[in-house]
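Everything on this sheet refers to the single structure shown next.
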Amino acid sequence: MSDAVTSQVPAADGDRAWRRRAMALLPWLLLALGAAAPFYLSGYNLSLLGRFMAFGILAMGIVLIWGHGGILSLGQGVFFGIGAYAMAMHMKLAAAGDGQLPDFMMWSGREALPWWWEPFASPVFAILAVFLLPALLAALFSWLVFYRRVSGVYFALITQALALAFATLLISRQDVTGGFNGLTNFPSLFGLSLADQTVRDGLYWTTLALAALGYAGLRWLLATRFGNLLRAARDAENRIRFLGYNPVPFKVVAFAIAGMLAGVGGALFTMHAGNISPALVGVVPSIEMVIWAAVGGRYSLAGALVAAVALNILRDSVSSAFPELWLYLIGLVFILTVTLLPNGVAGLARRVSRR
Amino acid sequence: MSGPLLLAVDGITVDFDGFKALDTFSMTLDKGETRVVIGPNGAGKSTLCDAIIGRVRPAAGRVLFRGEDLTGLSEQAIVERGICRKFQAPGILAGITARENVALAARRDRSWWQAFGKGIPAEEQASVDAVLERVGLADRAEVKAGELAHGEKQWLEIGMVLATGAELVLLDEPTAGMGPAETSRTAELIRDLGDTRSVIVIDHDMSFVEQLAAPVTVMHQGRFLKQGSVEAVRADPEVISVYLGHSA
Ligand SMILES: Nc1ncnc2c1ncn2[C@@H]1O[C@H](COP(=O)(O)OP(=O)(O)OP(=O)(O)O)[C@@H](O)[C@H]1O
Ligand SMILES: [Mg+2]
C-alpha cells in the first residue's frame, strides 16, 4: 500500500522531505564548522567560543531536567561553580609548585593549605572531581528535596537559595576561595603552557568533543525508557507512582547528570577564561543559564547549545559597548521568547521544517 | 464463583481538616468477585480508592489485602502486592504510543537502572500484545496515546492497569464520557475480567451498572449505606431518597 504512494510523491511532500533531510544534516554541519574554527578564528575569539560552548554543555543539562523532567533549577551556577573551582584549585596548586601555597593564600596571611585543597594537587583527582563532585552533590541535594515531595516553584526557590548561599560562602572565605576576585592566573594546564596556541587549540577541540559527546549521550538517554519515564514523571507523576514506579530516582538521576554537565562546563570555562569568580556562579548567572535554554527551546538539546553560544556572543558585543544594557536586553529577549515562542527558536525551526 | 476473602476495608476514616470524606467505612471483597460501588457526588468513592492504594493515609481503620495490613506501605509496595487503580481522569502518557504505555505498565522490574534500554523486551512483548488485544486497541497500538479518542484513552488506561498483573483492579468511573456503544463494550470487558481478577468498579451510569450484573455497595457521605443486587438497591427507599436528595 505504501509502495504505491511513494512512487508518486506530490511536489509539496518532496519539498518537505528535503527540508527534513536538511534539518537532520544541520548538527553535522555545525560540528564541521565548529571543528574548523581554529583555522578561521583568532586565538582570542577561539577562546571565547570555547567558553560559550562550555555554557552550552550546561544548557543541554537544563534541557534534560527542565524540558524533559519539568524540574526548574535556578541554581545550576552552583554545579557550574563546583566544577570550575575544582579545576581552578588544581591549576592554582600547579602554578604554586610543590609544597607552596597559592599566591592569594599567602597574601591573606595563611600559613598552611586547607586539608580539602590537598587532593586537588593530583590532576587525576581534579578531573574526577570535576565530573563526580557536582553529580554527587546534585544527587544528594535533589534526593533530599524530591524525597520530601517538594517540587515546582518550591524547588526552584530552594535552588535559588542554594545559589545565593554558595556565592556568599565563596565571597566570605577569602583566604581559601580567593573571595570576590575568585581564582585566576593559571599559566599551565596538566604541565602544558596555556600561552601555547596549539595547547589552546587542543583545549578547544576537547571542549567541542565533550559538547558533541554530551549531545549524543543525552539524545540517546532521552530516547530510552528512562526518557519516557522522566517525561511521565513530569506529566503524570501520580500515574507512574500507582503503576509501581518510584519517580524520585528518575528525577534524581536526571538532576545529577545535569549537575555533572554543569560541572564539566564550569571546568572547561575556567580553562578557557583563565579565571573563575563568584560573579559567575550566583543567582543572576543561574537565571541567565535558564534563559539560554528557554530561548533555544527547553525541549531541544541543539537549540539550547546553539542559543547559549549565540546569546553569549551577543552579550560579549553588547556589554563591551554598553555594559549596563545587557541585563535589560536578555530580559527582553526572554520575555519575547516566552510569549511568542514557548518552544524557543528550535520550536520555530521545527515548525518551519514541517510546514 | 467467588473464592476466599481478598480485601477487607475495616472501619476506615479519612479526615480532610475536620471533613470526613470516609467515615468508619467497611466493606469486603472475595477473590474473583466484581463489586460495583455507587453513591452521589462527594460520597467518598474516589477517596476509598485513594485509601486502598495508599494515596491518602486514613486517620483510623485498616485495609487488609490477603490478610496483610496495607496502611503505611508505600505506593510502590502496594502495587507490588497486586493492586492497581484506574484514575477518574484518564492518566495516560500522551507523548508515547499506546503500546509503549502498556509496556511501561507491564515491566516487572521498575527500578531506574533497568530503564536504560529502548523498545520492549522480547519476553514482555507477548503480554503487551495480549493486553492490547483484550482492551480492543490492537490496531491502534502505534498511535500516540494523546491522539486516541476519549473512549480509547479510557480503555488504554484499563489496559495499563491490567498489564501490571494486579489481582485487584480498581476502576474509578471507567465509562466517563463514553457513548452507549462504548459503555457496553467496557461492561463486556469488565465482565470478562471476572475469571482472573477481582474488580471494584465505581460508576454513576445505572445502565452500565446493570450490564455488569454484579453486587452493588452504596455509599453516602463517607458511610456505608446499602449492599445488594442492582434491582434491590434501585428499589431501596433509602437509596432513592439519597439520590433524589442530591439531584434535587
Ligand atoms: N484532598 C482533599 N482535600 C479536601 N477534601 C477532599 C479531598 N479529596 C476529596 N475531598 C472531599 O471529599 C469528599 C469525597 O470526595 P470523593 O472524590 O471521594 O467523592 P466521589 O464519591 O468520588 O465523588 P464523584 O462522584 O464526584 O467522583 C468530597 O466532598 C470532596 O470534596
Ligand atoms: Mg470520584
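The values are calculated or read from the model by the stated rules, or taken from the named source; none is laboratory data. Computed from a predicted structure; not experimentally measured. A quick note on method: Cβ atoms are made from the backbone with ideal geometry, for glycine too, and the neighbour counts reach across all protein chains shown. Remember, those area values only see protein heavy atoms, side chains included, never the ligands or the DNA or RNA. Shrake-Rupley method; radii C 1.70, N 1.55, O 1.52, S 1.80 Å.
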* Asked: How many residues are within 17 Å of residue B:33 (Cα to Cα) and part of a helix (DSSP H, G or I) if we restrict to region B:195-223?
  -> 4
* Asked: Looking at (1) part of a helix (DSSP H, G or I); (2) open to solvent by less than 60 Å² (accessible area, probe 1.4 Å); (3) more than 11 Å from chain A (Cβ to nearest Cβ), can you tell me which one residue B:192 breaks?
  -> (2)
* Looking at (1) touching a strand residue (DSSP E or B) at 6+ places or on another chain (Cβ under 7 Å); (2) under 20 Å from residue B:52 (Cβ atoms), can you tell me which one residue B:160 breaks? -> (1)
* To do: Look at region B:14-40 and say how many of its residues are within 16 Å of ligand 1 (Cβ to nearest atom) and without any contact (Cβ under 8 Å) to a residue 60 or more places away in the chain.
  => 5
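If we only count helices (runs of 4 or more DSSP H) wholly inside region A:196-247, which ones have 3 or more residues that are over 25 Å from residue B:81 (Cα atoms)?
Output list reads A:197-223, A:225-235.
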* Is it true that some residue in region A:99-116 is surrounded by 17 or more Cβ atoms within 10 Å (Cβ to Cβ), modelled with pLDDT under 95, over 30 Å from residue A:343 (Cα atoms) and of a type in the set (D, E, K, R)? -> no
* Asked: Of the conditions (1) under 12 Å from residue B:10 (Cα atoms); (2) assigned to a loop (DSSP other than H, G, I, E, B), residue B:51 fails just one. Which one is it?
  -> (2)
* Being within 15 Å of residue B:170 (Cβ to Cβ), charged (D, E, K, R), away from ligand 2 (no atom under 12 Å from the Cβ) and outside any loop (DSSP other than H, G, I, E, B) narrows it down to one of B:35, B:62, so name that one. => B:35
* Structure fact -> residue A:151: passes all of (1) within 19 Å of the chain's Cα centre (by Cα); (2) modelled with pLDDT under 85; (3) polar (S, T, N, Q) but (1)
* **Qualifying residues in region B:123-143 (those that are open to solvent by 70 Å² or more (accessible area, probe 1.4 Å) and within 21 Å of residue B:186 (Cα to Cα)) - the one nearest to the other protein chains (Cβ to nearest Cβ)** => B:139
* Asked: When the residues of region B:65-77 are filtered to those that are more than 15 Å from residue B:13 (Cα to Cα) and in a loop (DSSP other than H, G, I, E, B), which remaining residue is nearest to the other protein chains (Cβ to nearest Cβ)?
  -> B:74
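Here is a yes/no grid of residues against (1) modelled with pLDDT of 90 or more; (2) under 16 Å from residue B:166 (Cα atoms); (3) surrounded by 17 or more Cβ atoms within 10 Å (Cβ to Cβ); (4) within 13 Å of another protein chain (Cβ to nearest Cβ):
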site: B:15; (1), (2), (3), (4): yes, no, no, no
site: B:33; (1), (2), (3), (4): yes, yes, yes, no
site: B:60; (1), (2), (3), (4): yes, no, no, no
site: B:79; (1), (2), (3), (4): yes, yes, yes, yes
site: B:83; (1), (2), (3), (4): yes, yes, yes, yes
site: B:97; (1), (2), (3), (4): yes, no, yes, yes
site: B:106; (1), (2), (3), (4): no, yes, yes, yes
site: B:118; (1), (2), (3), (4): no, no, no, yes
site: B:121; (1), (2), (3), (4): no, no, no, yes
* To do: Residues being within 11 Å of another protein chain (Cβ to nearest Cβ) and either touching a strand residue (DSSP E or B) at 6+ places or on another chain (Cβ under 6 Å) or open to solvent by 30 Å² or more (accessible area, probe 1.4 Å) (or both): count how many of those fall in region A:218-237.
  => 7
* Check off (1) open to solvent by 40 Å² or more (accessible area, probe 1.4 Å); (2) of a type outside the set (Asp, Glu); (3) away from chain B (no Cβ under 14 Å) for residue A:177 and give me the number that stays unchecked. => (1)
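Quick check on this structure: which one of A:120, A:146 is surrounded by 13 or more Cβ atoms within 10 Å (Cβ to Cβ) and either touching a Pro at 6+ places or on another chain (Cβ under 9 Å) or touching a residue at least 40 places away in the same chain (Cβ under 8 Å) (or both)?
Values: A:120 fails: either touching a Pro at 6+ places or on another chain (Cβ under 9 Å) or touching a residue at least 40 places away in the same chain (Cβ under 8 Å) (or both).
None of the other options fit; the residue is A:146.
Run down A:254, A:294 and say which single residue is within 14 Å of chain B (Cβ to nearest Cβ), in a helix (DSSP H, G or I) and crowded, with 23+ Cβ neighbours inside 10 Å.
Working: A:294 fails: within 14 Å of chain B (Cβ to nearest Cβ).
Matching residue, one of A:254, A:294: A:254.
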* **Lone qualifier among B:207, B:198 - being away from chain A (no Cβ under 14 Å), away from ligand 2 (no atom under 15 Å from the Cβ), touching a helix residue (DSSP H, G or I) at 6+ places or on another chain (Cβ under 8 Å) and of a type in the set (Gly, Ala, Ser)** => B:207
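How about region A:238-251: which of its residues are more than 7 Å from chain B (Cβ to nearest Cβ) and crowded, with 22+ Cβ neighbours inside 10 Å? Give the derivation first.
Initial filter on region A:238-251 (more than 7 Å from chain B (Cβ to nearest Cβ)): A:240, A:247-248, A:251.
Residues satisfying the conditions are A:240, A:247, A:251.
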